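Worksheet: one structure, shown below.
Any read-out appearing in this document is the output of simple, stated calculations on the displayed coordinates, not a laboratory observation. If you're wondering where the values come from, they're calculated on a predicted model, not measured in any experiment. As a convention, Cβ positions derive from the backbone with ideal geometry for all residues, glycine included, and neighbour counts pool all protein chains shown.
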Amino acid sequence: MENMDPGTLITLVTILVSGLGIVVGTLTPAIVEGKTAQKAIDGMVRQPEVAGNLRTTMIIAMALLESTAIYVLLVILILLFQNPLLDRFFSTGAPEGLLLVLGV
């Protein structure tokens, strides 16, 4: 680890943080979407006359929750493929060996 070049270290940390971020960033909206659907169905069972309004509200809420997961994916992809830290610390961009590891 002490022989690792700083560019490789930055990339490895970025990959690990990105992996953790995508797990948390998609798992949380998925759990909340499940709870939203459960509560909406419970409301529809108790009051069938407002099922249309509940369904519409549920779909809008799920769309907003899903957009959060899409934003997380966007940030993760930026970190993985256009890492701003590499440009900040290395004026030439990513080291050559690092590009081979990433497959770019």
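For the stretch 1-50, the Cα gyration tensor yields ellipsoid semi-axes of 47, 6, 4 Å (square root of five times each eigenvalue, largest first, whole Å).
Strictly greater than 20 Å: what percent of every Cα pair in the stretch 1-86 meets that? Tail of the P(r) past 20 Å holds 53 percent of the pairs. Near I60, once Lys and Arg are set to +1 and Asp and Glu to -1 for all other residues with Cβ below 13 Å from its Cβ, the sum equals -1. Taken along the Cα-to-beta-carbon direction at a fixed 7 Å, the label points for L73 and V45 span 3.2 nm. Whole-Hz Karplus values for the stretch 35-51 come out as 5, 4, 5, 4, 5, 5, 5, 4, x, 5, 5, 6, 9, x, 5, 9, 4 Hz, taken residue by residue from phi with 6.51 cos²θ - 1.76 cosθ + 1.60 and θ = phi - 60°; glycine and proline positions read x.
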